[in-house]
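**Student:** Input: one structure, supplied below.
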Amino acid sequence: MTADIRIRGLDHLVLRTTNPDTMKAFYVDVLGCTLERELPAEVGLIQLRAGNALIDLVIVDSKLGRTGGGAPSGSGNNLDHFCLLLERISAQDLRTALERKGVSVGEFGERYGSEGMGESVYIHDPDGNVVELRASKFH
């Protein structure tokens, strides 16, 4: 008898970058991630804690990064978008917090996610990756 596979949540995602300091600052200073660990420059990995998941930043020209090919670009990012589930926050408070940090904020919309319908908004990180921010119910 085989076990059923059940997804509990997002474990980690990997973003390849040529701007590790700028990307780390964005995810730490703007979105509130914490530095989990940094591996030596020759490995080229920065791991950030995002709630119960990790965001790995891999430096493109490092040993680890070279295995993934060329650098991401405006026309060739390595993913469409990813979504971070936020603690309860009002849409206006989220907009204010992001704009205060210099982040351009689009329109909030009702979208389906891991906890059902909820309002979310798309932003861009410094490498142009699309990040969706959502909570099950903004208020």
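**Student:** So for the range 12-134, taking the charge dipole from beta-carbon charges (+1 Lys/Arg, -1 Asp/Glu), which of 26, 84, 14 sits furthest toward the positive end?
**Tutor:** Farthest towards the positive end: 14.
**Student:** Looking only at the range 12-134, where both bridge partners belong to it, what percent of the DSSP beta bridges are antiparallel (to the nearest 5)?
**Tutor:** Counting only bridges with both partners in the range 12-134, antiparallel ones make up about 65 percent.
**Student:** Tell me, what is the FRET efficiency for residue 88 and residue 39 to the nearest 0.05, using R0 = 35 angstrom and their Cβ-Cβ distance as r?
**Tutor:** Once the sixth-power term is evaluated, E becomes 0.55.
**Student:** On to the next question. For the range 12-134, what D do you get in µm² per second when you plug the Kirkwood radius from alpha-carbon pairs into Stokes-Einstein at 4 °C and 1.567 mPa s?
**Tutor:** Diffusion coefficient, whole number: 86 µm²/s.
**Student:** Hey, another quick one. Which of rounded, prolate, oblate describes the range 82-139, given a ≥ b ≥ c as roots of the alpha-carbon gyration tensor eigenvalues and a/c under 1.5 marking rounded, otherwise prolate only if a/b is larger than b/c?
**Tutor:** Oblate shape, in that a/c is at least 1.5 and b/c is the bigger or equal ratio.
We did not get these values from a lab; they are worked out from the coordinates using the rules stated. Bear in mind the structure is a predicted one, so any value in this text is a computation, not a measurement. As a convention, Cβ positions derive from the backbone with ideal geometry for all residues, glycine included, and neighbour counts pool all protein chains shown.
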